[in-house]
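A short reminder: the numbers here are calculations on the coordinates, not readings from a lab. These figures come from a predicted structure and were not determined experimentally. Quick reminder, even Gly has a Cβ in these numbers, built from the backbone with ideal geometry, and neighbours come from all protein chains shown.
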Amino acid sequence: MNQNHQKFICVIGAVNVDIIAASYVRLIHQDSNPGTVKITYGGVGRNIAENLSRLGQKVELITVLGDDYHANEISGQCDDLGISLQHSLKIENENSSMYICINDEKGEMQMAVSVMEIYDQMTPEFFASRLEIINQAEAVVMDLNLSASAVKYLCTHVTAPIFVDPVSTRKALKIKPCLKHVYAIKPNRMEAELILGRKIKTDEDVLSAAKRFLELGVKRVFISLAEQGVCYADQNESGFVRVNKTKIVNTTGCGDAFMGGMVAGYVQNKGVKECAEMGQRASRICLKSEDAVSPEMNMKEIVGDVL
């Protein structure tokens, strides 16, 4: 894949072996629950990359893999999807990253465990050797599975617009010192509370939090409010995109779908509100799928009218 002669989006982050268990009935803790177990390949970075690819974007995914069976399968899958791994790292005698989650009978995640130490190999020196290709991207999407030092290096050296997915409350604080270098951020309510050090309960609180992100240097803010939709803001406008209720099959990957739809909107020069709407439509498609990335994801659906 020769990015020198075509536009592309660079995604930097995690690729995981996802083991997703789903209970048939209400979960009973500290007991065996009947259900299903499915092994798929995910990770925030990989999921965002796949969503973008299904939305017609050229994608360069920079990540790190082990040399196990799963790494070979992930590489083959990315090749089939048209996602380039040319600048990723492969570590000998290491297992690829793994994520295990347990969903309840409603499809909502109740508990998860991740084994992701392999991403410590993505050091500032690693990214320095790939900085030229990263800076050729139209947009750089970064998840915070990276180390704090890697996050700081990328934020202070990448010249392309940076879009940040905080991933979790445990990892969100890594971006706090670097917010002035971030073009767009997509925290959920709890992540935003942690980054800003304030409680966010009412709609007024959410809008105030979005404004604070802007004051700290972020150009666009998208605060996810789960079933209440998303708050969007830039220097010109702010508001909420609400959604109609829909049947939930699986919530895993919906945030990644939002990021894919929102970034796809950005590279098409859409405004902040329309990017939020595209992200919400992408998330809605994911909600209806058993997979972390819906095979039904497509550009026609996310630029439609139904929310």
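Points worth noting:
- Whole-Å distance, taken between Cα centres, linking segment 171-214 and segment 268-286: 19 Å
- Normalised by the number of residues in the chain, the mean separation of alpha-carbon contacts (under 8 Å, six or more apart) gives a relative contact order of 16 percent.
- Simple Cβ-charge dipole of the chain, Lys/Arg +1 and Asp/Glu -1, about Cα centre, in debye nearest 20: 1100 debye
- Computed log₁₀ I(q)/I(0) - Debye formula, equal Cα scatterers, no solvent, segment 1-135, q 0.15, 0.18, 0.20, 0.22 Å⁻¹: -0.77, -1.00, -1.14, -1.28
- Listed residue pairs exceeding 25 Å between alpha carbons, taken from LYS201/LYS300; LYS58/LYS171; LYS58/LYS90: LYS201/LYS300; LYS58/LYS171
- Rounded to 5, the percent of DSSP beta bridges in segment 3-302 classed as antiparallel: 45 percent
- Environment charge of HIS87, counting only residues whose C-beta is closer than 9 Å and scoring Lys/Arg +1, Asp/Glu -1: 0
- Remark: segment 29-101 is approximated by an ellipsoid whose semi-axes, taken from the C-alpha gyration tensor as √(5λ), come to 26, 17, 10 Å, largest first.
- Bridgeable lysines around LYS106 (alpha carbons under 19 Å apart, same-chain partners fewer than 8 residues away excluded): LYS38, LYS245, LYS247, LYS288.
- Debye-sum result for segment 162-235 in log10 I(q)/I(0), which assumes one identical scatterer on each alpha carbon, at q = 0.19, 0.26 Å⁻¹: -0.65, -1.32
- Each peptide among 114-120, 172-178 gets the average number of other Cβ atoms lying within 10 Å of its residues, and from highest to lowest they stand as 172-178, 114-120.
- Most mobile of ASP80, ASP68, ASP31 in a GNM of the chain (Cα contacts under 10 Å): ASP31
- Signed unit charges on C-beta, dipole axis of segment 3-302, positive-most listed residue ILE175, PHE126, HIS87: ILE175
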